[in-house]
Amino acid sequence: MTIKDDRKVVLITGCSSGLGFSLAETLLQADRYKLIITTRGRSIEKLRGHFQESTHVMVRELDVNDPTQIYGLINEVCCDWGGIDTLVNNAGVCYRSVIEHMDPDAELEQLRTNYLGPMSVIRAVLPLMRERGRGHIVNISSVSGSVPMPTMGSYSSSKHALEAASEALWYETRPYGIQVTLVQPGFIRSDSYKNVVLSKKAMLSTEVNGSHAEFYRSMAPLVERLMGFSLSSPVGIARKIQRIVDMPRPPFRIGVTADAIVFRFLRGILPNSLFRRLMYLLLPGSTIWGERVPSSVARAG
Ligand SMILES: NC(=O)c1ccc[n+]([C@@H]2O[C@H](COP(=O)([O-])OP(=O)(O)OC[C@H]3O[C@@H](n4cnc5c(N)ncnc54)[C@H](OP(=O)(O)O)[C@@H]3O)[C@@H](O)[C@H]2O)c1
């Protein structure tokens, strides 16, 4: 007699910390999914130390920018478990830098991890989902995917790219019974701000009080404070994502923290120019931005 196994097969990227880690743990505790918990090689031992492999848990190395690893893993999962029901593209990096201080290498790493990588994983799972006439792609975006902020232009751009592609994908996959969801967290109460990367010039500017240092001085503590005081924990967001994974008709775009919902609402109802001016006034330190530039030049800019 064969026992029917109706556990959803869920592949999550970037599980070594933060939201990915909490989501893996939340789904594991629910004990009704088959999980592929992944991270890059440098964190795989940490992950293996925490999550035990079993008949319904695989812990695997996956760099979203490594096509060999992507296709190797998808083949393995298809052979062992017959396919993937839900892909959660969670892996991400966040650069802090004004646009002027970003360099091409940093820009590329940002875009590769947050946009090109997820696209590669999506392309690898899509044919299988299409064949089976079902599947769900959950892309973890950010409120930055709707609302860019100073010193986060590159990160925002990568999330805007992810959002645009996801919207196109929604149309392209709908006839095949495949769902697409964009999850937009705002600030999450976690230590993940410690993983924020400064571009070389941003780091130098911070150290020697160079150009734009006042932007970093005001934005970095703001982000850390907002993350520290946020009411949304990674576990809370993970539970919301679990509900999305379980929905028969999941939404296309969903804010999962209060600030993300409020920001997007304001962005939607206010004229663009008013929204930007309001944000400029509200961001702490904006009165001293460009303080070392003659005021006539700053005004002209
Ligand atoms: N935290 C927030 O407040 C917040 C807000 C809005 C949106 N988000 C989004 O939520 C997601 C998770 O963020 P988080 O704050 O939990 O970040 P995090 O704690 O920094 O974790 C990021 C994860 O991504 C992995 N990763 C990085 N580059 C990778 C690559 N090339 N291939 C595979 N994995 C890679 C990291 O693995 P390694 O150990 O290998 O580095 C780590 O497991 C991201 O997409 C982020 O943009 C976060």
Seminar exercise, completed: The residue that is nearest to ARG7 (Cα to Cα), considering only those in segment 85-106 that are part of a helix (DSSP H, G or I) and in contact with a helix residue (DSSP H, G or I) (Cβ under 6 Å, 6 or more places away or on another chain), is ILE99
Problem set entry | Matching residues, segment 169-203, being more than 14 Å from the ligand (Cβ to nearest atom), under 25 Å from VAL262 (Cα atoms) and surrounded by fewer than 18 Cβ atoms within 10 Å (Cβ to Cβ) | TRP170
Exercise. Do you know which residues across segment 42-70 are more than 14 Å from SER17 (Cβ to Cβ) and basic (Lys, Arg)?
Worked result: ARG48, ARG60
Problem set entry | Criterion: among the aliphatic types (A, V, I, L, M) and more than 14 Å from the ligand (Cβ to nearest atom) - qualifying residue of MET119, MET102 | MET102
For this session: Check whether at least one residue in segment 33-43 is surrounded by 15 or more Cβ atoms within 10 Å (Cβ to Cβ), basic (Lys, Arg), touching a strand residue (DSSP E or B) at 6+ places or on another chain (Cβ under 8 Å) and in contact (Cβ under 8 Å) with a residue 60 or more places away in the chain, and report yes or no.
Result: no
For this session: Scan segment 122-133 and give yes if some residue there is within 12 Å of the ligand (Cβ to nearest atom) and either under 17 Å from MET203 (Cβ atoms) or in a helix (DSSP H, G or I) (or both), otherwise no.
Result: no
For this session: Examine segment 121-139 for a residue that is touching a residue at least 60 places away in the same chain (Cβ under 8 Å) and under 30 Å from LEU283 (Cβ atoms), and state whether such a residue exists.
Result: no
Exercise. In segment 205-229, how many are part of a helix (DSSP H, G or I) and away from the ligand (no atom under 16 Å from the Cβ)?
Worked result: 10
Seminar exercise, completed: Restricting segment 242-301 to residues that are in a loop (DSSP other than H, G, I, E, B), at pLDDT 95 or above and among the aliphatic types (A, V, I, L, M), the one farthest from THR151 (Cα to Cα) turns out to be MET247
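The values are calculated or read from the model by the stated rules, or taken from the named source; none is laboratory data. The structure displayed is predicted, hence computed values, not measured ones. Cβ: placed from backbone, ideal geometry, glycine included. Neighbour counts: every protein chain shown.
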